[in-house]
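Encoded as structure tokens, the structure appears first; notes follow it.
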Amino acid sequence: MKIARLLKENMETYGFVNEDKVLTRESIATQTGIPIPQNIKDFLFDGWYNEIKQKASQLIYDGKISDFKLLPPIPNPSKIICLAFNYKDHAKEQNLIPPDEPAIIIKPRSTLNGATSDIICPSFVSKLDYEIELALIIGKDCKNISEEEAKKIIFGYMILNDASARDIQAKDKQFTRAKGFDTFAPCGPWITTSDEISDPHNLKMITKVNGSIRQNSSTSNMHLKVASIVSILSRVMTLEKGDIISTGTPAGVMLNKPDAVFLKNGDKIEMEIESLGKLKNTIKFV
């Protein structure tokens, strides 16, 4: 299933997506007679989704996705964890060796942004960069779990752009401020449940800026695999349902390139990961 968080006429809802059609929470409740909750996290993680899933084949998609604005699929996650240098091709272009344990950055939840919303960048940032990443959603609270257990608690996947201010990153010598600006984590366009992704390590990834390809890789270049990432992180911190873990970016970013062309006002970024949809965001400097 593909599950989106939606906005229409200042009213928030959520629903299932099937190509250009949508089935909203209100329509699901009407068609099934089940009073599903208003909050998408309650629906996804407290048993309601599993109940509705049994009736999915009987449901009629009666809305158009074009009538809605796509919101970040998960509101208010307790944690957004991003990995650094976890792709072999990206590490190679930086003259690094991928670390054998996750090198992590915590992004604040105020960075979350919709799949078609503007990325708002302060005018004092001079080197704004993009990073296409496969992000996963934790479906159950967990601590100290094995890789086999980790596979079972990944609810689904989405795209995340780990936007980064490289000049701030160089100045601070660490990543938090550079990656922590409001709107610096466009994501979505929806959650694709894990049962639809047979192999998360064999998905094509493409980033385009103004139609020109900047990143062209695959999740097969991931060094630490998703189950290993989740298992290792669970030894450090309790992972909670709704947490977002973003698994790193492949080659093609502008970091440390002598001929780097950083993002500028009005640039249009399109990111696509096979089977997960697209992000389409515009840069706006203020």
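The values are calculated or read from the model by the stated rules, or taken from the named source; none is laboratory data. From a predicted model like this one, the values you see are computed outputs, not experimental measurements. FYI the Cβ positions are ideal-geometry reconstructions off the backbone, even for glycines, and counts take in every protein chain you see.
Odds and ends about this structure:
- Residue match in region 111-127 (condition: touching a His at 6+ places or on another chain (Cβ under 9 Å), surrounded by fewer than 17 Cβ atoms within 10 Å (Cβ to Cβ), in the same structural domain as TRP190 (by TED's automatic domain parsing) and part of a loop (DSSP other than H, G, I, E, B)): no
- All positions within region 23-44 that are more than 23 Å from the chain's Cα centre (by Cα) and part of a helix (DSSP H, G or I): GLU26, SER27, ILE28, ALA29, THR30, GLN31, THR32
- Exclusive hit being of a type in the set (Val, Ile, Thr), touching a Gly at 6+ places or on another chain (Cβ under 7 Å) and touching a residue at least 24 places away in the same chain (Cβ under 8 Å), set ILE40, ILE74, ILE80, ILE120: ILE74
- For PRO186, the conditions (1) within 15 Å of the chain's Cα centre (by Cα); (2) of a type outside the set (Ser, Thr, Tyr); (3) in a loop (DSSP other than H, G, I, E, B); (4) within 19 Å of THR116 (Cβ to Cβ) are fulfilled apart from (3).
- Residues that are under 14 Å from the mean Cα position of the chain (by Cα) and in contact (Cβ under 8 Å) with a residue 60 or more places away in the chain within region 189-206 comprise PRO189, TRP190, ILE191, THR192, THR193, PRO200, MET205, listed in sequence order.
- Considered as a group, the residues in region 254-272 that are part of a loop (DSSP other than H, G, I, E, B) and among the charged types (D, E, K, R) include one that is surrounded by the fewest Cβ atoms within 10 Å (Cβ to Cβ), and that residue is ASP259.
- Within region 85-96, considering residues that are out of contact with any His (no Cβ under 9 Å at 6 or more places or on another chain) and not basic (Lys, Arg), the one surrounded by the most Cβ atoms within 10 Å (Cβ to Cβ): HIS90
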